[in-house]
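So the structure is just underneath, and the comments pick up after that.
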Amino acid sequence: MVELLSAGLLGIVSLCFGLLAGIQIAHIHYSRRLTTLAKRSIYSKTIAPVLVAAEEERAEKK
């Protein structure tokens, strides 16, 4: 019974750790992407790069 409880607890901890790691990786990815778009927008002095990226993302989803 103790072994089953330990295995279940280990599974829950592993699941939580995996979820937190996945969220952190996604946050880093999208922060870098946003930074790149912001730099391009500043250099071009327009929001065109942001609009193009949004349009490309919509095209990928279709």
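The values are calculated or read from the model by the stated rules, or taken from the named source; none is laboratory data. In this text the structure is predicted, and so the values were computed from the model without any measurement. Heads up, the Cβs are rebuilt from the backbone with ideal geometry, glycines too, and the neighbour counts pull from every protein chain shown.
Before moving on, here are some points about what is shown:
- The condition (being touching a residue at least 12 places away in the same chain (Cβ under 8 Å) and surrounded by 10 or more Cβ atoms within 10 Å (Cβ to Cβ)) is satisfied by just one residue among Ala53, Ala38: Ala53.
- Residue that is surrounded by 10 or more Cβ atoms within 10 Å (Cβ to Cβ) and modelled with pLDDT under 90, where the choices are Ala26, Ala59, Ala48: Ala48
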